[in-house]
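A short write-up of the structure that comes next.
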2 protein chains.
Amino acid sequence: LQNGEHLNGPLLDHAEGQHFLTEAFQVILEEALCKGTDVDEKVCEWRDPEELRAVLDLELREGGETHDQLLQRVRDVAKYSVKTNHPRFFNQLFAGVDYHALTGRFLTEALNTSQYTYEVAPVFVLMEDVVLSKLRALVGWAEGDGIFCPGGSISNMYAMNLARYRAFPQVKLQGLWAIPRLAIFTSQESHYSVCKAASFQGIGLENVHFVKVDERGCMIPEDLDEKIELARSQGAVPFLVSATSGTTIQGAFDPLDSIADICEKHGLWMHVDAAWGGSVLFSKKHRHLVKGIERADSVTWNPHKMLLTGLQCSVFLLKDTTNLLKRCHCANATYLFQQDKFYDMSLDTGDKSVQCGRKVDCLKLWLMWKALGTQGLAERVDKAFAYTRYLVEEMRKREGFQLVNEPQFVNVCFWFIPPSLRGMEDSEDYRHRLSKVAPVIKERMMRQGSMMVGYQPQKERVNFFRMVILSPQIARQDLDFFLDEIERLGNDL
Amino acid sequence: LQNGEHLNGPLLDHAEGQHFLTEAFQVILEEALCKGTDVDEKVCEWRDPEELRAVLDLELREGGETHDQLLQRVRDVAKYSVKTNHPRFFNQLFAGVDYHALTGRFLTEALNTSQYTYEVAPVFVLMEDVVLSKLRALVGWAEGDGIFCPGGSISNMYAMNLARYRAFPQVKLQGLWAIPRLAIFTSQESHYSVCKAASFQGIGLENVHFVKVDERGCMIPEDLDEKIELARSQGAVPFLVSATSGTTIQGAFDPLDSIADICEKHGLWMHVDAAWGGSVLFSKKHRHLVKGIERADSVTWNPHKMLLTGLQCSVFLLKDTTNLLKRCHCANATYLFQQDKFYDMSLDTGDKSVQCGRKVDCLKLWLMWKALGTQGLAERVDKAFAYTRYLVEEMRKREGFQLVNEPQFVNVCFWFIPPSLRGMEDSEDYRHRLSKVAPVIKERMMRQGSMMVGYQPQKERVNFFRMVILSPQIARQDLDFFLDEIERLGNDL
Ligand SMILES: Cc1ncc(COP(=O)(O)O)c(C=O)c1O
Ligand SMILES: Cc1ncc(COP(=O)(O)O)c(C=O)c1O
């Protein structure tokens, strides 16, 4: 008895726990992976929030539940969750499942360590290093640095913080008050994380300058040059251009070589947000889309998008060889990064991060890469492009599908014009009526669970669909189904 | 044929993939969970980096590997990784495995969705809300807000960003140049993430003021009050106090009620970094340690530490009911947060985050909570305290163990004084020789793989061990073993 507590052995029974886990694994396999990828099953089992709350009984209580009740919980969570592994899930910039990556994720969870010191993560410290250097080699860098981050938004924040530290190292100690007002440049169609980063890091949204894009969504270099001059003439100090390779909506690629010329001319840090489009680097056929990326100072790239590693897997890659990442972020905590260890302490990479505990995100990518080889990954990228071409050509054969633009990548943005609106482009309420079409089709597909695809307005463009083709598990039939289904759901509108 | 590619069906075979996953699951069970928790097996299989690199063959190549090779990879990764689930892993502020939480993690991985909209994460949007409100209730708040973040460091950043936005909302648009120089207050023994946050968010390290602590590591309120006055007299604007509940090294609890009085008096945001100590809220016996926490504006709490949910699981909790979190962080991206959806759009909580894609971190905690009940979680916390008492009393019975302080929490900080140094406290090189003891014992235990515990210097204190007792799976024998093993490894020094 200690402190009024009996100390009669562990509170936790491993055999019982492993038994539960094993049974739950079968449920997960069945519900999330077998049914979850079966085209004869629904993509989602839609429930209105009130109803779903009632069905799930989410409330947490004083007492625990039984083995069987808990297994039922696992089943229910799977049942009412969206099946992002399903071949007809086209709603986000991720989709599908890779089983080797998934194995890597299970193993990561079972090993549960933190990616900060060689001492507690020996395998993963070495593995992260290898994966980062392979990715850097694809970018075109023989040397450099980098780190896995919890998402592309945070990778983009790293770029901003390093760029300003390189320009004004005193910012780390003295803050922004000690340096002149900064200016950031990015395109009008760049991802909103650039804005979130600017606010979060104290730079402020008004100091983000939005460069014009052409019809397809690519940054116009001449406007970049002008905006830089203008900001400078207004007393700000330009320090960072964040170009995008693969924009979120249109999948557009900014012209990196021209942007690099401008960055060089003005002495600015060039960041490439290739969170979405970075994976084209695997493809000999399509890597021309990121020509010039090797001239960047830093790159964000999310394998959890096109490469199917699963969330979260994002890398921030850096050309720098002067240990900038560590100098900018280090705090030298003695309880983790003791200076009298018995191994090479440069392997304790945790101080490069702005996090402390850091999830292991490299294993899933590494195991998948080992399984497929660089070649297998390239093949996936090439197929996604080919299926995109197929979809676009099929769309052209049908009435009612109108492309927003010729796709550069695997995003296909289009309007569906229902029969009642065809030929009515000149009528007064055409735009208004067209804007109502996508939301209705979307609601219908969700309620029926037949497929999922997203839509959005964009500047003067009213609501249009953004179809994304990235999963190696889809077949032509899935794309034919997609077109048929849009028609079926929208023909009466 | 499209684009020179054959479109002959999917590149991915589900049956084959599921077969691999199933076999790998058995390997994971065996290596990471059975052997990984067996006291007769090693905690770590130490290899020097060069040797480990050679054994693992981490290189990624053009071609892929076979089923059997890949299974061997899974086995090797597990073999050479540190067994953080092992009853003799005492090295970090996390340890041990909870099988229900682990099931939740596997399910999370298999479902692979992002926590931003009800549309793609219906179950998890509702679940996150329930879990956050239960945690808030433990803090003592009937209302409020909150979000799961990728780690406590980032949760602490949220506190800083919200505090400054509440004080100076123009910072979001105009940046720090538009507002006066800010000042942050935290104790000398607070976690380094407060410093990292201050640099990252553009405030700068020199604007973090370190408040003195008493012998045990608790913030001294009088010094806080003085430091605030001093900063103000030097032209800075105090806006945030970050108190710590459960410091990283000593496990000290800052006196929250007195700190709250001072924050009220000066009109400052009171944040409590309870990343480590928050879990005492479950315990009727020990929650007095955080008395006054309900007066805070925000709280960071990491269930991935004491509650064994596994990395990553951190919450940022907020007393605010004015939607501050969303107002501060929103970017209103139309492609995710359409304003013409067919369901209650307040359920699309993603814009509260500074991330875009956000891993689902609530399910593991929810499932474990369902399994154990609030009561079961409380019992675990109470046991950890009781075992800590046991260890401390056993230490007192042995020669050579010298406590740095009487523990407030489950951190036991101590020096091991080897026989050759006992009674030599007054000799000139005592401190120097003592500082060498912990590193040598640590190296020996790592090379033998018998257990893992951390050490560090702290201010004028030379290297001492920090033993952490948090896992419900340990028994008295593990603690007796711990003491015996320290003696065995250090008696000749
Ligand atoms: C008191 C305290 N706060 C914050 C953190 C950071 O949490 P994380 O490692 O999840 O970033 C830690 C980590 O040990 C901590 O001890
Ligand atoms: C171009 C681009 N950059 C960055 C991001 C953000 O990545 P994450 O969701 O991992 O934060 C996205 C997400 O869609 C994106 O499309």
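For region B:185-213, the set of residues classified as away from ligand 1 (no atom under 16 Å from the Cβ), under 18 Å from residue B:273 (Cα atoms) and of a type in the set (D, E, K, R) consists of B:212 only. When the criteria are applied in full, residue B:408 meets the requirement of being touching a Gly at 6+ places or on another chain (Cβ under 7 Å), open to solvent by 30 Å² or more (accessible area, probe 1.4 Å) and at pLDDT 95 or above. Within region B:294-315, the residues that satisfy the criterion of being among the polar types (S, T, N, Q) and either within 23 Å of residue B:161 (Cβ to Cβ) or modelled with pLDDT under 95 (or both) are B:298, B:300, B:302, B:312, B:314. Note on region B:264-316: residues that are small (Gly, Ala, Ser), more than 12 Å from ligand 1 (Cβ to nearest atom) and part of a strand (DSSP E or B) total 1. Of the residues making up region A:325-342, one or more are closer than 22 Å to residue B:201 by Cβ, modelled with pLDDT under 95 and facing chain B (nearest Cβ under 7 Å). Comparison of A:161, A:156 shows that the only residue that is within 21 Å of the chain's Cα centre (by Cα), more than 16 Å from ligand 1 (Cβ to nearest atom), modelled with pLDDT of 95 or more and more than 7 Å from chain B (Cβ to nearest Cβ) is A:156. Candidates in region B:12-30 are the residues that are among the acidic types (Asp, Glu) and free of Cβ contacts under 8 Å to residues at least 40 places away in the same chain; of these, the one that is most open to solvent (accessible area, probe 1.4 Å) is B:16.
For residue B:23, the conditions (1) closer than 21 Å to residue A:102 by Cβ; (2) facing chain A (nearest Cβ under 8 Å); (3) among the acidic types (Asp, Glu) all hold with the exception of (2). For region A:266-308, a residue qualifies if it is of a type in the set (D, E, K, R) and in contact (Cβ under 8 Å) with a residue 12 or more places away in the chain, and the qualifying residues are A:273, A:284, A:285, A:291, A:294, A:295, A:297, A:305. Of the candidates A:104, A:96, the single residue that is part of a helix (DSSP H, G or I), under 28 Å from residue B:125 (Cβ atoms), away from ligand 1 (no atom under 16 Å from the Cβ) and touching a residue at least 40 places away in the same chain (Cβ under 8 Å) is A:104.
Of all residues in region A:390-413, those satisfying the criterion of being assigned to a strand (DSSP E or B) and in contact (Cβ under 8 Å) with a residue 40 or more places away in the chain are A:401, A:411, A:412, A:413.
Each residue in region A:354-389 was checked for being open to solvent by 10 Å² or more (accessible area, probe 1.4 Å), more than 7 Å from chain B (Cβ to nearest Cβ) and in a loop (DSSP other than H, G, I, E, B), and 0 pass. Would you tally the residues in region B:413-432 being buried (at least 17 other Cβ atoms within 10 Å of the Cβ) and within 14 Å of chain A (Cβ to nearest Cβ)? Matching residues across region B:413-432 total 1. Among the residues of region B:162-195, the ones that are out of contact with any Asp or Glu (no Cβ under 6 Å at 6 or more places or on another chain) and within 21 Å of residue A:184 (Cβ to Cβ) come to 12 in all.
Return yes when residue B:109 is more than 24 Å from the chain's Cα centre (by Cα) and within 23 Å of residue A:372 (Cβ to Cβ) and no when it is not. When the stated conditions are applied, residue B:109 does not pass them.
For region A:214-243, filtered to residues that are within 25 Å of residue A:158 (Cβ to Cβ), away from every other protein chain (no Cβ under 14 Å) and β-branched (Val, Ile, Thr), the residue that is nearest to the chain's Cα centre (by Cα) is A:241. Scanning region B:459-493 for residues that are in contact with a Gly (Cβ under 9 Å, 6 or more places away or on another chain), under 23 Å from residue A:339 (Cβ atoms) and within 8 Å of chain A (Cβ to nearest Cβ) turns up just one, B:466.
Residue pairs whose Cβ atoms lie under 7 Å apart, separated by 6 or more positions or on different chains, with the first residue in region A:475-486 and open to solvent by less than 40 Å² (accessible area, probe 1.4 Å) and the second part of a helix (DSSP H, G or I) and among the hydroxyl-bearing types (Ser, Thr, Tyr), are A:479/A:387; A:479/A:390.
Quick grid of which residues meet (1) open to solvent by 10 Å² or more (accessible area, probe 1.4 Å); (2) touching a Phe, Trp or Tyr at 6+ places or on another chain (Cβ under 9 Å):
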position	(1), (2)
B:252	no, yes
B:265	yes, no
B:276	no, yes
B:279	no, yes
B:287	yes, no
B:294	yes, yes
B:300	no, yes
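One line per residue, one yes/no per condition, for (1) hydrophobic (A, V, I, L, M, F, W, C); (2) in a helix (DSSP H, G or I):
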| residue | (1), (2) |
| --- | --- |
| A:160 | yes, yes |
| A:166 | no, yes |
| A:180 | no, no |
| A:196 | no, yes |
| A:199 | no, yes |
| A:206 | no, yes |
| A:209 | no, no |
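For region B:305-348, filtered to residues that are polar (S, T, N, Q) and more than 26 Å from residue B:242 (Cα to Cα), the residue that is most open to solvent (accessible area, probe 1.4 Å) is B:339.
Checking each residue of region B:196-213 against the condition of being more than 9 Å from every other protein chain (Cβ to nearest Cβ), crowded, with 24+ Cβ neighbours inside 10 Å and modelled with pLDDT of 95 or more gives at least one match. One residue stands out in region A:447-458 among those that are of a type outside the set (Ser, Thr, Tyr), outside any strand (DSSP E or B) and surrounded by fewer than 22 Cβ atoms within 10 Å (Cβ to Cβ): the one that is nearest to the other protein chains (Cβ to nearest Cβ), namely A:447.
Every residue, every condition in (1) within 16 Å of ligand 2 (Cβ to nearest atom); (2) surrounded by fewer than 21 Cβ atoms within 10 Å (Cβ to Cβ); (3) more than 26 Å from residue B:171 (Cα to Cα), yes or no:
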| position | (1), (2), (3) |
| --- | --- |
| A:193 | yes, no, no |
| A:222 | no, yes, yes |
| A:234 | no, yes, no |
| A:242 | yes, no, no |
| A:245 | yes, no, yes |
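This table checks each residue for (1) without any contact (Cβ under 8 Å) to a residue 24 or more places away in the chain; (2) open to solvent by less than 20 Å² (accessible area, probe 1.4 Å); (3) within 29 Å of residue B:93 (Cβ to Cβ); (4) away from ligand 1 (no atom under 16 Å from the Cβ).
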{"site": "B:117", "(1), (2), (3), (4)": "no, yes, no, yes"}
{"site": "B:120", "(1), (2), (3), (4)": "yes, yes, no, yes"}
{"site": "B:132", "(1), (2), (3), (4)": "no, yes, yes, yes"}
{"site": "B:138", "(1), (2), (3), (4)": "no, no, yes, yes"}
{"site": "B:147", "(1), (2), (3), (4)": "no, yes, yes, no"}
{"site": "B:167", "(1), (2), (3), (4)": "no, no, no, yes"}
{"site": "B:172", "(1), (2), (3), (4)": "no, no, no, yes"}
{"site": "B:178", "(1), (2), (3), (4)": "yes, no, no, yes"}
{"site": "B:183", "(1), (2), (3), (4)": "no, yes, yes, yes"}
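Anything in region B:91-117 that is out of contact with any Gly (no Cβ under 8 Å at 6 or more places or on another chain) and more than 7 Å from chain A (Cβ to nearest Cβ)? List them, or say none. Result: B:93, B:95, B:96, B:104, B:108.
Looking only at region A:311-353, residues that are of a type in the set (A, V, I, L, M, F, W, C) and over 15 Å from residue B:192 (Cβ atoms) come to 11 in all.
The values are calculated or read from the model by the stated rules, or taken from the named source; none is laboratory data. As the structure is a prediction and not an experimental result, all values here were calculated from the model. Reconstructed Cβ throughout: ideal geometry from the backbone, glycine too, with neighbour counts over all protein chains shown. In case anyone asks, the SASA skips ligands and DNA or RNA and just uses the protein heavy atoms, side chains included. Shrake-Rupley method; radii C 1.70, N 1.55, O 1.52, S 1.80 Å.
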